[in-house]
Amino acid sequence: MIKIQNLTKTFGAYKAVDNLSLDIAAGEIFGFLGPNGAGKTTTVKILSGIMKPAGGRVLVGGYDIVESPLEAKKIIAYIPDEPFVYPKLTGFEFLRFIGDIYSVPYGEQAGRIPELLDIFELSAVSGELLEAYSHGMKQKLLIAGVLLRKPRVALFDEPTVGLDPKSIRRFKELLLDIARNGAAVFMCTHILDMAEKLCTSVGIIYRGSLIAKGTVAEVKKMASGGSGGRSLEEVFLELTE
Ligand SMILES: Nc1ncnc2c1ncn2[C@@H]1O[C@H](COP(=O)(O)OP(=O)(O)OP(=O)(O)O)[C@@H](O)[C@H]1O
Ligand SMILES: [Mg+2]
């Protein structure tokens, strides 16, 4: 579903992403790990079509994100690291807007929107303007918008930052649900414990280059000492030292 081929992005002389290649299949939850400034957000911005690559290409559901952006974007849901919402819409209006723009049938919206607002405990504020929402409330609304759409590709950039523990639990359950329904999930995260538990595969990016990829078990074997029962956190810290 997501095919990244020799992707490169430069800012001036600096290579933020350097010759990155990755394949993520339908039903997979891929965890994209790496220290601050490693190139994760840059990569996900290119996958979502909001930033142009300097070299290489990205195919989403077979569509080239640069050559066929509309076809690709129809099947992509993206939650950026800073939640953006239109401040003068209410929570309910925002979900209606997302539903309409992505052609979710009205009957389906009428059933699903109240359900999603309820799941994320936003029903009581669904009539309030989004400018009054907290960071976590905006984040939850964006996640509700993704779930309303049932996308085939979901891109999440540190999706649980700012969420309370209960919402994180809900998010994890729903993430597993959308993957089970056949979506390919690409998630940048610093929460290695969550990556270890949820991701079918992970990649570690370091200074723009992919230094490890595979299942969590495979990546653990890449660190010195091999297989001996170490956490992903220990392995990550060793590989990115
Ligand atoms: N618009 C930009 N202009 C110049 N440099 C940029 C720009 N965006 C990102 N960079 C640089 O590219 C590198 C990668 O940044 P990126 O945001 O992709 O890192 P990240 O892995 O998402 O980090 P974090 O974990 O802190 O979110 C950094 O050195 C950053 O300063
Ligand atoms: Mg980032």
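Every number here is computed from the coordinates shown, using simple stated rules; none is lab data. The model shown is predicted, which means the values in this text are computed figures rather than measured ones. Note: ideal-geometry Cβ built from the backbone for every residue, glycine included; neighbour counts use all protein chains shown.
Annotations for the structure displayed:
- The stretch 34-104: chymotrypsin sites (Phe, Trp or Tyr not before Pro) in DSSP coil with no more than 15 other Cβ atoms inside 10 Å: F84
- Local electrostatic count, G61, Cβ distance below 12 Å [Lys/Arg +1, Asp/Glu -1]: +2
- With θ taken as phi - 60° and the Karplus curve 6.51 cos²θ - 1.76 cosθ + 1.60 applied, the whole-hertz 3J(HN,Hα) list for the stretch 94-102 is 4, 5, 4, 4, 4, x, 5, 5, 9 Hz, x standing for glycine and proline.
- Near the amide H of S209, within less than 5 Å, lie the amide hydrogens of D18, all on another chain or at least 5 residues away, with H placed in the peptide plane.
- Across the stretch 13-21, rounded Karplus estimates of 3J(HN,Hα) from the backbone phi angles (6.51 cos²θ - 1.76 cosθ + 1.60, θ = phi - 60°) give 8, 8, 8, 7, 9, 10, 6, 8, 10 Hz, Gly and Pro being marked x.
- Relative contact order %, the chain, counting alpha carbon pairs below 8 Å whose residues are six or more apart: 27 percent
- Average Cα contact separation per residue, the stretch 80-138, under 8 Å, 6 or more apart, as relative contact order %: 53 percent
- For the stretch 2-239, the share of DSSP beta bridges that are antiparallel, to the nearest 5, is 55%.
- For the stretch 40-119 and the stretch 151-199, distance of Cα centres in Å: 16 Å
- ³J(HN,Hα) computed for each position of the stretch 136-152 - Karplus, 6.51 cos²θ - 1.76 cosθ + 1.60, integer Hz, glycine/proline x: x, 5, 4, 4, 5, 5, 4, 5, 4, x, 5, 5, 4, 7, 6, x, 8
- Around the amide H of Y133, modelled in the peptide plane, lies no amide H under 5 Å away from a residue 5 or more places distant or on another chain.
- Note on K9: lysines with a C-alpha under 23 Å away, same-chain residues under 8 apart excluded, are K40, K45, K52, K73, K213.
- Of the trypsin sites (Lys or Arg not before Pro) in the stretch 1-94, those whose Cβ has at most 13 other Cβ within 10 Å and which sit in DSSP loop: K88
- Fully extending the segment from S68 to E233, taken as 0.36 nm per residue of separation minus the present Cα-Cα distance, adds 55.6 nm.
- In terms of its Cα atoms, the chain spans 54, 41, 32 Å along the principal axes, sorted from long to short.
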